[in-house]
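**Q** Would you mind keeping the following structure in view while I ask a few things?
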Amino acid sequence: MSSNPVFKQGNTAVITGGASGIGLALATKLASYGMNVVIVDNNSSNLAEAKKSVKGKVEMVEMDVSKVGDFERLKSKVEKDFGGKIDLLVLNAGIGLKGSWDDSSYFHKIMDVNLFGVIHGLNTLLPLVTKNSSDSSPSSIIITGSKQGITNPPGNPAYNASKAAIKTLTEHLSYDLSKTSPSTSVHLLVPGWTFTGLSGNQPFATGENKKEKPAGAWSPEQVVGYLEKKMGEGKFYVICPDNDVTEELDRKRMLWDREDLVKGRPPLSRWREEFKEEHVEWIEKTKI
């Protein structure tokens with residue numbers, strides 16, 4: 001039994017990107033609490049393996065989050081099979097690609113999944129989360145962001161921009177629902193270095209194909225445990241550490257990034273040669 005009132009037997013959760021990584025770990029946790037879990041993913045083989053591995057009341061839906069029509073069909077399923085009520089909506093699906101400034105398809109693919117995969121989910125499913133929410137039976141929304149959408153490291157502008165937009169979108173959602181549906185909590189999940197498919201871990205791999213988790217990375221299960229704890233504390237920002245980066249170091253890095261704007265430094269100063277020494281000294285002496 002969880003202390004979180006949303007993680008309750010009989011409640012219904014919908015998780016996009018739920019057949020691997022953090023989504024799968026969360027689905028497994030929720031199913032263990034006796035929740036109805038709808039796992040949404042575009043990978044049919046992962047869905048088949050997830051169906052075998054997750055024990056409990058679990059249903060699989062294969063769909064593409066970049067297509068609003070697929071979300072409309074998902075909405076119809078929830079209305080038909082679960083009484084039109086979602087207690088926990090987890091918009092977690094995401095991809096990581098690399099591309100160049102002259103590659104428009106790179107930008108479109110990233111934005112279509114990482115950003116519009118969330119927008120489409122809210123466009124269609126938000127009423128099913130809020131309409132039955134109450135103080136005695138609250139609901140929650142979890143949206144997966146990234147530290148790259150906060151501190152904006154160089155190397156992948158489309159991905160960073162998509163996750164920066166997710167941060168802004170989720171902040172607005174939290175504010176708006178605090179007025180229109182105050183019993184619906186909103187949480188921005190920002191994982192640290194996590195051993196998932198985006199970082200080289202292939203779900204359900206066995207034998208010589210199964211890779212060992214790097215020592216510095218967290219497992220998806222650790223992220224889910226931290227998420228549950230912070231949700232229990234009522235936190236909107238769930239900024240996960242990992243085995244290499246502490247919570248304090250994360251806060252310092254975010255503060256330095258904000259001070260680029262406040263102090264008039266050039267953007268991404270942390271990675272510029274002329275500021276590297278100053279940055280290291282500042283990190284060492286600053287207490288947060």
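**Q** What distance in nm lies between label points placed 7 Å from Cα along the C-beta direction at S3 and T286?
**A** Reported label-point gap for S3 and T286 is 3.1 nm.
**Q** What number comes out for the charge environment of R272, summing +1 per Lys or Arg and -1 per Asp or Glu over other residues with Cβ under 13 Å away? Could you put the intermediate results ahead of the total?
**A** Details: positive: R265, R270, K276; negative: D257, D260, E273, E274, E277, E278.
The answer is -3.
**Q** Once the Cβ-Cβ distance between S100 and S136 is put in as r, and R0 is 41 Å, what FRET efficiency do you end up with, to the nearest 0.05?
**A** Details: r = 53 Å, r/R0 = 1.29.
Result of the calculation: an efficiency of 0.20.
**Q** If the reach is capped at under 18 angstrom between alpha carbons, list the lysines near K85, excluding any in the same chain fewer than eight residues apart.
**A** Here the lysines satisfying the reach criterion relative to K85 are K8, K57, K75, K77, K131.
**Q** Of the cross-linked pairs K67/K167; K109/K230; K52/K98, which ones have a Cα-Cα span greater than 23 Å in the structure shown?
**A** Details: K67/K167 21 Å; K109/K230 31 Å; K52/K98 33 Å.
Pairs exceeding the cut-off: K109/K230; K52/K98.
**Q** Okay, moving on. Considering amide H positions built from the backbone, and no H for Pro or chain starts, which residues 5 or more places from I95, or on another chain, come under 5 Å of its amide H?
**A** Counting only residues 5 or more places away or on other chains, the set is N114.
**Q** Oh, and also: Which order do the peptides 11-20, 36-45, 72-81 take when ranked by the mean count of other beta-carbon atoms within 10 Å per residue, highest first? Working shown, then result.
**A** Values: 11-20: 26.7, 36-45: 21.5, 72-81: 14.6.
Ranked from most to least packed, the peptides come out as 11-20, 36-45, 72-81.
**Q** Further question on the same structure: How large is Rg/Rh for the chain, to two decimals, with Cα atoms and a Kirkwood Rh?
**A** Values: Rg = 19.2 Å, Rh = 19.8 Å.
A ratio of 0.97.
**Q** Cα-based Rg of region 231-288 per 2.2 N^0.38 Å, rounded to two decimals? Please report the intermediate quantities before stating the final value.
**A** Values: Rg = 13.3 Å, N = 58, 2.2 N^0.38 = 10.3 Å.
Output field value: 1.29.
**Q** Summing +1 for each Lys or Arg and -1 for each Asp or Glu, what net charge is found among the other residues whose Cβ lies under 11 Å from the Cβ of V58? List each step's numbers first, then the result.
**A** On the way: positive: K51, K52, K55, K57; negative: E59.
Overall, the nearby charge balance is +3.
**Q** Run the helix sum for the chain: -39,500 (n - 2.57) per DSSP H stretch of 4+ residues, divided by residue count, reported at 222 nm to the nearest 500 deg cm²/dmol.
**A** Working: 9 runs with 125 residues, N = 288.
-14000 deg cm²/dmol, from helical runs alone.
**Q** Please work out the FRET efficiency for the pair N43 and T180, using the Cβ-Cβ distance as r and a Förster radius of 35 Å; give the result to the nearest 0.05. Numbers along the way, then the final one.
**A** Values: r = 35 Å, r/R0 = 1.00.
That gives a FRET efficiency of 0.50.
Taken together, the values in this text are just the output of simple stated rules run on the coordinates, not laboratory data. Being a predicted model, the structure only gives us computed values, none of them experimental. Note: ideal-geometry Cβ built from the backbone for every residue, glycine included; neighbour counts use all protein chains shown.
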